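> Below you'll find the structure I mean.
The values are calculated or read from the model by the stated rules, or taken from the named source; none is laboratory data. Note that the structure is predicted; figures quoted are calculated from it, not measured. Heads up, the Cβs are rebuilt from the backbone with ideal geometry, glycines too, and the neighbour counts pull from every protein chain shown. The protein model used for the area step is the full one, side chains on, heavy atoms only, and it has no ligands, DNA or RNA in it. Shrake-Rupley method; radii C 1.70, N 1.55, O 1.52, S 1.80 Å.
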Amino acid sequence: MSMPLTVDAREHGLVGDGTTNDQPALQKLVDTLGEACAADGRPRIIHVPAGRYVIQDEPTLWRSGVSLLGAGRGATCFELRNPGRPASPVPLAWFTAAKHGAGRGNCLADIAFAHLEVDGSGARTEEYDPLAKGLGLQYVLRGRFTDLYIHDTAATGFGCDFLQDTVVEGVLAERCGAQDPGEKMGGAGIGIGIGGWGGVERLTVTACTATGNGTNGIFVELQQENWPPPRGIRITACHAEDNRFGISDWGADGLLVTSSTMIGNHEAGFDVSSQGTAGVGGRGGIVTGCVIDGNVRDGVGLGNTPGPYALRGTRISNNGRYGYWQHNLAGGDQEPATDIVLESNDIRDNALDGVRFDAALREVAILGNRVHDNGRRAAPAAKGEGPGVRFAPRSMTDEHADWAPDAHRGKQLTVGGQTAMVTGNTGTVLALAPARPGADTAWDNGTPAPGSAYHLPDAPTPRAGLTADATVTHPHLHGNRVRDDQQPRTQTHALWITHGARWTGGRVTSNDFSGNASAATRFDTAPTGGRWHDNDG
C-alpha cells in the first residue's frame, strides 16, 4: 500500500476528544507507516492536530521510520490510562529488548517525537513498575525528541535507552516517578540507559527541564556491569530542581555537563555514584559553568569512581550540608579515586564543610578555587512552643526567636512525631523543604497545630573550608582562597585533617588560608612528606 510521507492522524481514525480510546487507531497507523517505510526506505510523519488523545490499556509498539508531531505542548496531549489493565504499564510508545527484541540490528531508526504533551496521571499500576513510563524506547538510531511536556507518570517520564546519533532537546519532565518512593529503579524525569551501542554513544541532552521527579531529574545509567562505559554523551543548558538528585552520572565515560542549573534537589545537585542498575559510577566526566545551589543536602556528591573527574568554573553554594562531598556507597567501586580536579570554582555559603573528603583520593588537584563563608549551620540548639509559634506548609515561625540568618540551614526540625528539613532562616522564620520531590508541603501528616513544641539540634563543629577524613595521597593545592569574609565568621578552619585521615606527600602552595573563625588549619593527624610553602595564615 502506498502511503504519503506525511499523514493527518484525524484522517486515519484518531479522534482526540478526551474520551475515545485512540490507541487502536494509532497502532494501526504506526504499523501501516512502518511497513511503508520498510518497503521504500522513506520515513513517514504522523501529524496530530490539537486535541486530547486517550491511550488506554495498551502501549503503542513503535516502528522504525515513523515520527509523531503534534501541534504544541498543551494543544496536542496524549492521556495515558489503564482502567482495564491496572497491573500493566501504558507508555505512549515502547520498543524494548526484553519484550520486542530491540538491539543494534533491530533498532528504531529515523524517528522523531515533537511538539506534544504526555499526561501520565491516569495510568497507575497495582505495584510499582519501572516500565510505566511516558516514552519507553530502546535502541534508537538518529532520533530526535523535541519540545515535549511529560508529566505525572508512575515511573520515568522520558525513559529511553541506547540513543545513538540522537538529540533530546526542550523536554520538560514534571512530577514523574509518582509511584516511586525514591529508591526504586527508574522514577526519574529524564532517564537514559547507556552502553547498548558499545564504547561510543553520540547523544546530546540540551535545554531540558526536570522538576519534582521521584529520583533523578536527569540521569544516564550504564545498563550492564560488563559493558564499557560509553563516551560521547553531553548534557548542556539543562535545569534540574526539586528532584531527589538533580543530574546524575551512573556509568558514563567522559560525560560533559555544561551551563546547567541544579537547585533545590533533596540529596545532591550533581551525583556520581554506583546507585545505577550496573553498580558502576561515572568516570572521566567534566562539569563546567554550572550553578549548583540551594540543594537540601549536598551540592555535589561524587564517589564509586576510579577517576578522573573535573569540576571547573562552577558555583557550588547555599547547600544544606557539604558543597562538594567525596564518598563511596557500599557495594560499588572502593578504590581511591585518581585525578579528581576542582578548579576555579566558587564554593561558598554551604551549611557545613565547603569540600569534604570521606573517601580515599590520589593525585587530587584543588586549584584556584574560592572556598569561603561556609559552615553556615552555626546556631546552637533551639526549642520553643506556645504563643508566637505557628506553622505553614513550607515554613515555621517563632515570633520570640532571634536567630542568625541561615544559621539553622540543613538542620532537621522536629515537631511531635514529624520532621522537616530546614533550607534557610531569617531571625524568626524557618524555610522548609518539601517532604519529597514534587510535594507542596514539608509535613507528612499534616501541618502542625499552632503552638506545638519544636526542637532544632545543635550545630556540629569544626566546619572547615576543606576537610580530609580519608587517605589523601599526593594532593596538589595551589592558589586557593579559603577564608571567611562574614561577621560573625562561621567557617572555622581553612583546612582540617581529622583523626581518621592520612595526608601524604604532594604540594600545598600559594594558598590564602587567613581569616577563618578559629585558625587557618587544624591537624588532628599531621600531614607527612610533601612541600608546604607560601601559604598565608
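> Got a sec? Charge dipole of the chain, +1 on Cβ for Lys and Arg, -1 for Asp and Glu; which of GLY254, ALA468, LEU137 is way out at the positive end?
The Cα lying farthest towards the positive end belongs to ALA468.
> Now, a different point. Give me the accessible area of ASP253, 1.4 Å probe, in Å² rounded to the nearest 10.
It works out to around 50 Å².
> If you don't mind, another one. Can you pull the one-decimal nm distance between simple spin-label points at ALA330 and TRP532, each 7 Å off the Cα toward Cβ?
3.6 nm
> Hey, another quick one. Solvent-accessible area of GLU225, probe 1.4 Å, all protein chains present, reported in Å² to the nearest ten, please.
140 Å²
> 5 Å is the cut-off here: which amide hydrogens, built 1.01 Å from N in the peptide plane, fall below it relative to ASP129, excluding neighbours closer than 5 in sequence?
Hits under the 5 Å cutoff: none.
> Highest mean first, what order results for 478-490, 99-111 on Cβ atoms within 10 Å? Could you put the intermediate results ahead of the total?
On the way: 478-490: 19.0, 99-111: 16.3.
Descending mean neighbour count gives 478-490, 99-111.
> Rolling a 1.4 Å sphere over the protein heavy atoms, what is the accessible area per residue of the chain, to the nearest Å²?
On the way: 19340 Å² over 537 residues.
Heavy-atom accessible area per residue stands at 36 Å².
> Another one. Compare the peptides 311-317, 211-217 by average per-residue count of other Cβ atoms within 10 angstrom and give them in order, highest first.
Numbers: 311-317: 22.9, 211-217: 28.9.
Top to bottom by mean Cβ count within 10 Å: 211-217, 311-317.
> Going from most exposed to least, what order do SER518, SER2 have by accessible area with a 1.4 Å probe?
Values: SER518 80, SER2 110 Å².
Final ranking, largest accessible area leading: SER2, SER518.
> With a cut-off of 20 Å, note down the residues of the range 312-339 whose backbone N falls inside the zone around a label point 7 Å from the Cα of THR525 toward its beta carbon.
325-330, 334-339
> Between ALA87 and ASP17, what is the label-to-label distance in nm when each label sits 7 Å out along the Cα-to-Cβ direction?
3.3 nm
> At a 1.4 Å probe radius, which order do ARG522, ARG321 fall into by accessible area, largest first?
On the way: ARG522 90, ARG321 40 Å².
Ranked list, largest accessible area first: ARG522, ARG321.
> Turning to a different aspect of this structure: Please name which of GLY307, GLY279, ALA237 has its Cα lying farthest along the dipole of the range 211-349 towards the positive end, using unit charges on Cβ (Lys, Arg +1; Asp, Glu -1) and the Cα centre as origin.
The Cα lying farthest towards the positive end belongs to ALA237.
> Ignoring ligands, DNA and RNA, please state the percent of accessible area on the chain from carbon and sulfur, probe 1.4 Å.
About 48 percent, which is the carbon plus sulfur part of the accessible surface.
> Under a point-charge model restricted to the Cβ atoms of Lys and Arg (+1) and Asp and Glu (-1), what is the dipole moment magnitude of the chain relative to its Cα centre, in debye to the nearest 20? Kindly include the intermediate steps, with their values, before the conclusion.
Numbers: 46 positive and 60 negative charges, 130 e Å.
It works out to roughly 620 debye.
> Can you work out D for the chain in µm² s⁻¹ from Stokes-Einstein, where Rh is the Kirkwood radius over C-alpha pairs, the temperature is 4 °C and the viscosity is 1.567 mPa s? Could the numbers behind the result be given before it?
Numbers: Rh = 24.5 Å.
Result for D is 53 µm²/s.
> Then there's this: I need the phi-derived Karplus couplings for the range 241-253: 6.51 cos²θ - 1.76 cosθ + 1.60, θ = phi - 60°, integer Hz, Gly and Pro marked x.
9, 6, 9, 5, 10, x, 10, 10, 10, 10, x, 8, 10
> Cross-link partners among lysines for LYS383, C-alpha distance below 16 Å, same-chain residues fewer than 8 apart left out?
LYS411
> Can you tell me the FRET efficiency between ALA453 and ALA75 if r is taken as the Cβ-Cβ distance and R0 is 30 Å, rounded to the nearest 0.05? Can you show the working numbers first?
Working: r = 52 Å, r/R0 = 1.72.
That pair, ALA453 with ALA75, gives E of 0.05.
> Show GLU127, GLU385, GLU117 ordered by accessible area, largest first, where the area counts protein heavy atoms only and the probe is 1.4 Å. Each step should come with its number before you reach the end.
Working: GLU127 145, GLU385 125, GLU117 15 Å².
Sorted descending by solvent-accessible area, the residues read GLU127, GLU385, GLU117.
> Still on this structure, please answer the following. Label-point separation (nm) for GLN224 and ASP165, each offset 7 Å from Cα along Cα-to-Cβ?
That separation, rounded to one decimal, is 2.3 nm.
> Same structure, new question: Can you tell me how much longer the chain between ARG144 and THR6 gets when fully stretched, taken as 0.36 nm per residue apart minus their C-alpha distance, in nm with one decimal? Write out the running numbers ahead of the final one.
Details: separation 138, 0.36 × 138 = 49.68 nm, distance 1.69 nm.
Extra length from ARG144 to THR6 when fully extended: 48.0 nm.
> Against the longest principal axis of the chain, how steep is helix 23-40, in degrees 0 to 90 to the nearest 10, with axes from Cα atoms?
So the inclination is approximately 80 degrees.
> Further question on the same structure: From the phi of every residue in the range 176-191, what ³J(HN,Hα) in whole Hz does the Karplus formula 6.51 cos²θ - 1.76 cosθ + 1.60 yield, where θ is phi - 60° and glycine or proline is x?
Couplings: 7, x, 5, 9, 9, x, x, 10, 9, 5, x, x, 9, x, 10, x Hz.
> How large is the helix-only mean residue ellipticity at 222 nm for the chain, computed as the sum of -39500 (n - 2.57) over DSSP H runs with n ≥ 4, divided by its residue count, in deg cm²/dmol to the nearest 500?
On the way: 2 runs with 22 residues, N = 537.
Estimated from H runs of four or more residues: -1000 deg cm²/dmol.
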